[in-house]
Amino acid sequence: MAPGALRGRGRSVWARVTEEVGAAAGRVREDIDAAIDRDPATDSRLEMGLASPGLHAVWAHRVAHALWTRGARLPARLLSQASRAATGIEIHPGAQIGRRLFIDHGMGVVIGETAEIGDDVMMYHAVTLGGRANAKIKRHPTVESGAVLGAGARLLGPITVGAHAQVGANAVVVKDVPAGATAVGVPATTRMPRGGEADPLFADPALWI
Ligand SMILES: CC(C)(COP(=O)(O)OP(=O)(O)OC[C@H]1O[C@@H](n2cnc3c(N)ncnc32)[C@H](O)[C@@H]1OP(=O)(O)O)[C@@H](O)C(=O)NCCC(=O)NCCS
């Protein structure tokens, strides 16, 4: 290969690396800002970035998921397990997670391999997105954008929790939850907000923490 072509290739690799690093830094900033919006106990970006196990688990998952989807499955699992040891949050590297997921407190969260999570989802400690089957199929829940999962909520099977739905603390959810609805209890029962629209009270978790 001619030296000019090599230099050109080197520049394009460098351009790609700087582009990807820039995008990753942007995602980290938006994660921290979204976490501050939802956590009334912290208003410093530095404190949130350094002391939030939920954010650390999500960031480790991004790297683990990239390894997993490129076929580096063992390194992906090892990174996921190291993150679990450090944060108490276990996210299988195969799980698909959208932007600005915030896991508050975090300890005891388990997110299975075929789980799918949209954007701007919030969950508390001890949430499980688990399977009810051992077959290699889609067996974990889908959580659509804007949903909130209370502490200890267990979502089991390939169910869908609709956009902006609320799952109460310690609920066991084994059926779909419609968008904007609230599910509580064991097994969870679902109620739509008055007027069939999302209750503004639920829009701000700070109001009911
Ligand atoms: C589900 C939730 C969002 C509903 O909020 P809410 O507006 O206060 O609920 P309501 O007062 O309208 O309750 C409706 C009914 O559900 C019951 N209920 C509320 N949360 C419940 C829960 N987690 N499990 C079982 N029942 C619950 C209420 O007692 C009430 O029953 P009633 O109609 O017989 O009186 C909220 O209770 C919840 O669980 N949020 C999660 C908070 C959390 O995990 N915080 C962790 C901070 S560390």
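Figures for the structure shown
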| quantity | calculated |
| --- | --- |
| Equivalent ellipsoid, the stretch 1-100 (semi-axes from 5 times Cα gyration tensor eigenvalues, Å) | 31, 20, 10 |
| Relative contact order computed over the chain (Cα-Cα under 8 Å; 6+ residues apart), in percent | 11 percent |
| On Cα atoms only, tilt of 73-87 relative to the major axis of the chain in degrees | 60 degrees |
| Proxy reagent accessibility, fewest Cβ within 10 Å first, across His61, His56, His140 | His56, His61, His140 |
| Ratio Rg/Rh [Cα only; Rh per Kirkwood] for the stretch 133-195 | 0.98 |
| Whole-number percent relative contact order across the stretch 10-116, with pairs defined as alpha carbons under 8 Å at least 6 apart | 25 percent |
| Cα convex hull of the chain - mean projected area over all directions, nm² | 14.0 nm² |
| Per-residue Cβ neighbour rank within 10 angstrom, fewest leading, Ser145, Ser83, Ser12 | Ser12, Ser145, Ser83 |
| Structure-based [θ]222 nm, the chain - -39500 (n - 2.57) summed over DSSP H runs of at least 4, per residue, nearest 500 | -12500 deg cm²/dmol |
| Fully extended contour minus Cα-Cα distance, from Ala66 to Arg45, at 0.36 nm per residue | 5.0 nm |
| Cα Rg, Dmax (largest Cα-Cα span) when computed across the stretch 81-138, Å | 11.3, 32 |
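All of the numbers you see were taken from the coordinates with simple rules; none came from a lab. This one's a predicted model, so the numbers in the text were calculated from it and none came from an experiment. Please note: Cβ atoms are built from the backbone with ideal geometry, for glycine as well, and neighbour counts cover all protein chains shown.
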